[in-house]
2 protein chains.
Amino acid sequence: MKKAPSCLAKFLFDMEKTKWMTEAIELSKNNVNNGGGPFGAVIVRNNVIVGRGVNRVTVNCDPTAHAEVTAIREASKNLGTFDLSDCEIYTSCEPCPMCLGAIYWARLKTIYYGNTKVDAAKIGFDDQFIYDEIDRPINERSIPTKQILPEKAIEAFKLWDEKDDKIEY
Amino acid sequence: MKKAPSCLAKFLFDMEKTKWMTEAIELSKNNVNNGGGPFGAVIVRNNVIVGRGVNRVTVNCDPTAHAEVTAIREASKNLGTFDLSDCEIYTSCEPCPMCLGAIYWARLKTIYYGNTKVDAAKIGFDDQFIYDEIDRPINERSIPTKQILPEKAIEAFKLWDEKDDKIEY
């Protein structure tokens, strides 16, 4: 008899997860029909969706408008905070490095994904080159990257360091 | 005599770079005084600034509002394209993985930066943990990451694959 409640709890838990991922997938499918890329994401807090996003890169002329980034921006705006550590993200596909970075900065507590980056590469969305590039030393990356004016740039950091009323994050 | 024009060309070339980086640094310093983080960036195309950005994460409640992401969004909007391959970015600090991802997606042709990520870590903006996390296999990352419903998620990719009028990027 002890096992039943645990099984029920797990069943209900999985039902919840399935519901949110289904929502993210529906967004991704509808977005294809609306001229966008096949990606959707929802952010959930206390069993309520607080942000939604789809890939609008080409439609909005915004290279950063991936589903996850858009959902994070919407959730943060809706909740009035840059800290989403009490939220989970359900994304129809494994996040790219940009979105993964955004997820870490937003401090999301769990990531659920549907398709893998291998699935994405098969239909033309290959982000492996970005993973590879991030791994390389700066002077070996495909985009030429050069440091200039460090002695001036550091002035802003000094200003920040000496500021009393700064909001750290 | 042959050397003079080459030296002059290099001098003018360096003057240009210095001008744009100085602009990015000015943005970063002004932003500290305006309640934001000590980061600024400009995007330049044919010797004209086409996008500016500063870090407004805490002020705008947007974890993705780093200087580079914001500048890319503005430049893309201004130019009406998601492809910035004829543009350069001048950023007051070495980009974090999120911004680096955005830079690759936007296809910027050159990155100039002022401060390093080591400088940034010293004043409390440490992004090394994100570099480390991205490198790890999914099941070893600090944010629990789980795949669910792949059999449903793939439907969006099939829709995309079969679509005739899709805009690929």
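The values are calculated or read from the model by the stated rules, or taken from the named source; none is laboratory data. Computed from a predicted model, the values in this text were never measured in an experiment. For neighbour counting, all protein chains shown are included, and Cβ atoms are generated from backbone atoms with ideal geometry for every residue, glycine included.
Summary of values
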read-out: The one condition in (1) more than 9 Å from chain A (Cβ to nearest Cβ); (2) in contact with a Pro (Cβ under 9 Å, 6 or more places away or on another chain); (3) surrounded by fewer than 23 Cβ atoms within 10 Å (Cβ to Cβ) that residue B:55 fails to fulfil; value: (3)
read-out: Count of region A:7-30 residues which are over 15 Å from residue B:152 (Cα atoms) and either modelled with pLDDT of 95 or more or among the aromatic types (Phe, Trp, Tyr) (or both); value: 2
read-out: Among (1) under 19 Å from residue B:41 (Cα atoms); (2) crowded, with 21+ Cβ neighbours inside 10 Å - the single one residue B:157 does not satisfy; value: (1)
read-out: Some residue of region B:136-144 being within 7 Å of another protein chain (Cβ to nearest Cβ), surrounded by 15 or more Cβ atoms within 10 Å (Cβ to Cβ) and either more than 28 Å from residue A:86 (Cα to Cα) or free of Cβ contacts under 8 Å to residues at least 24 places away in the same chain (or both); value: yes
read-out: Number of the condition not met by residue A:32 [criteria: (1) in contact with a Ser or Thr (Cβ under 9 Å, 6 or more places away or on another chain); (2) at the interface with another protein chain (Cβ under 7 Å from one of its Cβ atoms); (3) of a type in the set (A, V, I, L, M)]; value: (1)
read-out: Residue pairs meeting the criteria (Cβ under 7 Å; at least 6 apart or on separate chains; first in contact (Cβ under 8 Å) with a residue 60 or more places away in the chain, in region A:153-169; second surrounded by 13 or more Cβ atoms within 10 Å (Cβ to Cβ) and part of a loop (DSSP other than H, G, I, E, B)); value: A:169/A:82
read-out: Residues satisfying the stated conditions in region B:122-148, i.e. modelled with pLDDT of 95 or more and of a type in the set (Gly, Ala, Ser); value: B:142
read-out: Residues that are at the interface with chain B (Cβ under 8 Å from one of its Cβ atoms), in a loop (DSSP other than H, G, I, E, B) and buried (at least 24 other Cβ atoms within 10 Å of the Cβ), drawn from region A:67-105; value: A:84, A:96
read-out: Any hit, region A:52-65, residues being more than 25 Å from residue B:78 (Cβ to Cβ) and in contact with a strand residue (DSSP E or B) (Cβ under 6 Å, 6 or more places away or on another chain); value: yes
read-out: Search result, residues across region B:1-53 that are within 20 Å of residue B:67 (Cα to Cα), assigned to a helix (DSSP H, G or I) and without any contact (Cβ under 8 Å) to a residue 40 or more places away in the chain; value: B:18, B:19, B:22, B:26, B:29, B:30, B:31, B:32, B:33
read-out: Output for region A:106-130, where each listed residue is facing chain B (nearest Cβ under 7 Å) and assigned to a helix (DSSP H, G or I); value: A:106, A:119, A:130
read-out: Condition met for residue A:151 (assigned to a helix (DSSP H, G or I), of a type in the set (Asp, Glu), loosely packed, with under 13 Cβ neighbours inside 10 Å and at pLDDT 95 or above); value: yes
